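Accompanying notes for the structure given below.
A short reminder: the numbers here are calculations on the coordinates, not readings from a lab. Keep in mind it's a predicted model, so treat the numbers as computed, not measured. All Cβ positions, glycine included, derive from the backbone under ideal geometry; neighbour counts span all protein chains shown.
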Amino acid sequence: MGLLTIGAFARAARLSPKALRLYDSLGLLVPARVDPVTGYRLYAPEQLEQARLVAWLRRIGMPLALITRVCGLDAGAAAREIRVFRARAEAEAAARRDLAGFLIEHFERKDSAMTSATPPLEIRYAALSDTGLVRETNQDTAHAGSRLLAVADGFGSGGAAASAAAVEVFRRLDAGAIPAGALLNTLEDAIGSAAELVARTGTGSAPEETGTTLTAMLWTGSQLALVHIGDSRAHLLRGGELFRITHDHTAARSMVADGRITKAEAESHPQRSLLVRALARGADTTPDIRLRHAEPGDRYLLCSDGLSSVVAEGEIRRVLTAAEEPSDAVRELIALANGAGGPDNISCVVADVRERPPGA
Ligand code: MG
């Protein structure tokens with residue numbers, strides 16, 4: 001079979017002539033021959049397979065630059081690249097879904113603000129931070145107040161100042177009730193301010209290596225707004241079950257999400273604690289923000305990795321289930337971490353949601 005005109009080739013490849021001209025200009029799909037007199041592009045039938053592949057990759061929304069790369073790979077490498085693309089697309093969709101959920105809640109709350117029949121709730125809370133048994137200083141900051149729960153794990157030469165600055169920005173939100181309609185904007189502004197403040201705390205020869213994680217929950221009276229960046233964690237104990245409600249923003253976890261390594265491999269991966277998001281100069285400071293409905297009986301735990309990296313979740317669940325008061329729970333959890341060698345600073349915040357006693 002001879003060369004095909006651009007029109008015939010476009011029909012066979014399920015692509016438009018306009019798209020083919022674009023792919024030619026990008027070097028993605030170059031015609032077999034360009035007529036020197038007319039300038040018409042002519043394609044070889046053997047190019048159909050690649051053209052159909054490009055059409056399929058376009059259909060899954062892959063950017064052209066990535067398609068160009070995939071087309072140059074062998075089958076195994078192409079499969080890996082498409083798997084990574086799929087994982088990213090799923091993560092982006094999940095982030096959009098969460099944010100959409102937050103906005104739905106936001107408007108539904110506005111809609112039903114006058115007719116709400118939920119009993120008044122309150123939180124009881126305790127916070128404790130400990131240097132551990134190996135580090136000389138404590139760079140963690142933990143806070144619990146009537147509206148704000150927060151754990152921040154500072155790193156680098158100005159780590160202690162960084163974690164304190166981040167929590168301080170959010171602590172100001174503890175002072176007064178935030179109108180439900182302003183919650184999302186308030187949280188985003190607070191993260192922005194915290195990131196700016198932290199960026200100014202870096203000292204010494206490598207100020208860009210100073211930063212902090214932040215996992216904070218803001219209590220609105222019936223809901224908890226969760227703001228999270230880094231590898232500190234939030235857990236919920238509900239109905240005797242322990243749920244982790246944050247994802248670590250670490251390189252190893254991203255590699256698991258991308259399908260590059262397994263969960264088991266991540267546990268011992270050299271980049272298991274390398275943060276891909278944090279409050280630090282030059283870092284990606286985009287937080288995960290979520291709104292959670294509180295139920296009486298819920299017990300929340302926020303902790304730094306000084307707890308989660310040495311105490312198994314089963315042990316954490318056991319302590320959270322058995323401890324009478326939040327203050328007992330934080331003390332026992334820190335004792336467990338120190339019992340396991342206390343290699344890092346340890347911070348725990350525990351808060352119980354309960355119905356407000358009549359007359360309170
Ligand atoms: Mg730590």
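Below is a table of values for the structure above.
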| item | result |
| --- | --- |
| Rg/Rg_ref, segment 4-72, where Rg_ref = 2.2 N^0.38 Å and atoms are Cα | 1.04 |
| Förster-model FRET efficiency, 41 Å R0, ARG356 and SER193, C-beta, rounded to 0.05 | 0.85 |
| CD proxy at 222 nm, helix term only [per DSSP H run n ≥ 4: -39500 (n - 2.57); per residue of the chain; nearest 500] | -12500 deg cm²/dmol |
| Using alpha-carbon coordinates, inclination of helix 75-112 to the longest axis of the chain, degrees | 50 |
| Summed side-chain charge close to ASP189 - residues other than ASP189 whose Cβ falls under 12 Å, Lys, Arg +1, Asp, Glu -1 | -1 |
| Extended-chain gain in nm, criterion 0.36 nm per residue less alpha-carbon gap, VAL37 and ARG135 | 27.7 nm |
| Additional length obtainable on full extension of the chain from PHE243 to ASP328, 0.36 nm per residue less Cα span | 28.6 nm |
| Length gained when the stretch GLU267-THR5 is fully extended (0.36 nm per residue, less Cα-Cα span) | 88.8 nm |
| Range in the chain, longest, excluding exposed GluC sites (Glu not before Pro) [loop by DSSP; at most 15 other beta-carbon atoms within 10 Å] | 137-323 |
| Neighbourhood net charge (11 Å Cβ-Cβ; Lys/Arg +1, Asp/Glu -1) for VAL227 | -1 |
| Prolate/oblate/rounded call for segment 209-275, Cα gyration tensor, a/c under 1.5 rounded | oblate |
| For the chain: Kirkwood Rh in Å [reciprocal of mean 1/r, alpha carbons] | 23.4 |
| Charge context of ILE346, other residues only, Cβ under 13 angstrom, K/R +1, D/E -1 | -3 |
| Cα-based helix-to-principal-axis angle, 159-171 vs the chain, degrees rounded to 10 | 80 |
| Nitroxide proxy distance, nm - points 7 Å out along Cα→Cβ at LEU274 and GLN50 | 3.4 |
| Acute angle (nearest 10 degrees) that the helix 326-339 long axis makes with the longest principal axis of the chain, alpha-carbon atoms | 70 |
| Cut-off under 5 Å, modelled amide H: who pairs with LEU121 long-range | ARG356 |
| Distance between segment 226-278 and segment 30-97 - C-alpha centres, whole angstrom | 32 |
